[in-house]
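Before any comments, here is the structure.
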Amino acid sequence: MMAVVSGVEDFVLTGARIAGPDGLIDSGWISVAGELITGIGSGPAPAGRRIDVSGSLIVPGFIDTHCHGGGGGSFSTTDPAEASNAIAAHRRHGTTTLLASLVSDPVPVLNSQVGALTELVEDGDLAGIHLEGPFIAKSRCGAHDPGALREPDTDTVDALLQAGKGHVRMVTLAPELHGGIKAVRQLSESGVLVAIGHTDGVEEQIRPAIDAGATVATHLFNGMRPLHHREPGPIGAMLDDERVTIELICDLVHVHPTVLRLAAKHAGLGRTVLITDAMSATDAADGTYTLGRLDVDVTAGVATLASNGSLAGSTLTMDVAFRNLVTGAGLSITDAVRATSGRPAELLDLTGTTGSLTPGLRADLVVLNDELRPVRVLRRGTWIDGVAASK
């Protein structure tokens, strides 16, 4: 049995296979002091209180850049306690860094939700806020309320950014909307990541948005015009452009394993990010929930709109996404680490803080068993309570 550690202490994890910054290390060790990693290596471990984790794989803490909730709680709320419940649910599955994603709502409602979440960003519980809408296409709105959608304009974009007090890190929009390209420039010049998603745009409408500063593809394949050999649309344009990082929902429901593998291999390690797109039903029982203003039925962990059966987010956690990429899509552990930690850290400009098991960075790590299921999660040098090997 692994020793249980509570609070921030100094110790050395020994005997594990470690996904280090330069590759896998067999029979390795990691030393932790306070909130930071102080060393990593193989062979004899340094002096200090040792915790034997032989037979385990240690990977960097997961970073989820697109998540709507979990544990019965949603980020589309003005109640910080509800949002905190969602954060806690994902931490138990190894997510040590998280963006809170909001679905489309009327702008006054979004302003209130964004304002409430800023407290959690300032406390360090969230890495920022992601607005998935309301500037998206009705024809590809998925689980977004069509009545809440609108075209972007300068004043509305500015109001949302002001409500976030500098903590809105990403905005998803459909660039073919009137004012779309102008909004891309406005957001990009404000230091916000611009993602293209929920779009019915053709390639000729997508490429100008990339030129204007859009750098992320929101859950590629889902919520967008499909790829066609005579009209590549957003999928072809964004996969083809080296400036665009692609999000993939790796639950093996939203995207077939073969398509996941094709996209990840084409985009490569520098452009692939796994996300959950998780909703409140994540790490909770099946039943009826809401996503924004819409009712969602969850059966056997698959979330669909009650009105028409369309997929409505997921109940995915990042540990399962990691495992699915390796065992379901056939990519390597190194590739999975890059897609769940390294590239997301680069995207959020956090490489000087987290995203790899590098001395001087935060002690954010996940201890996985031989089935790649988490048995321990360390965040900023503190063990997270309630972690158990996920099903």
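The values are calculated or read from the model by the stated rules, or taken from the named source; none is laboratory data. Keep in mind it's a predicted model, so treat the numbers as computed, not measured. Because the Cβ atoms are built from the backbone with ideal geometry, glycine has one as well, and the counts that use them run over all protein chains shown.
So in segment 285-325, with the set limited to residues that are touching a helix residue (DSSP H, G or I) at 6+ places or on another chain (Cβ under 9 Å) and modelled with pLDDT under 95, which one is surrounded by the most Cβ atoms within 10 Å (Cβ to Cβ)? My answer is 292.
Please go through segment 145-178 and pick out each residue that is in contact with a His (Cβ under 7 Å, 6 or more places away or on another chain) and not charged (D, E, K, R).
Initially, segment 145-178 is screened for residues in contact with a His (Cβ under 7 Å, 6 or more places away or on another chain), giving 151, 169-170, 172, 174.
Passing the criteria: 170, 172, 174.
Counting only strands (runs of 3 or more DSSP E) wholly contained in segment 276-365, the ones carrying 3 or more residues that are free of Cβ contacts under 8 Å to residues at least 24 places away in the same chain and not hydroxyl-bearing (Ser, Thr, Tyr) occupy 294-299.
Filter segment 222-241 down to residues that are in contact (Cβ under 8 Å) with a residue 24 or more places away in the chain and of a type in the set (D, E, K, R), then give me how many there are. Number satisfying all stated conditions: 3.
Condition check ((1) closer than 25 Å to residue 323 by Cα; (2) buried (at least 16 other Cβ atoms within 10 Å of the Cβ); (3) in the same structural domain as residue 147 (by TED's automatic domain parsing); (4) free of Cβ contacts under 8 Å to residues at least 40 places away in the same chain) across all residues:
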| residue | (1), (2), (3), (4) |
| --- | --- |
| 46 | no, no, no, yes |
| 71 | yes, yes, yes, no |
| 86 | yes, yes, yes, no |
| 89 | yes, yes, yes, no |
| 93 | yes, yes, yes, no |
| 109 | no, yes, yes, yes |
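Within segment 149-195, the set of residues being in contact (Cβ under 8 Å) with a residue 40 or more places away in the chain and among the β-branched types (Val, Ile, Thr) comprises 156, 168, 171, 172.
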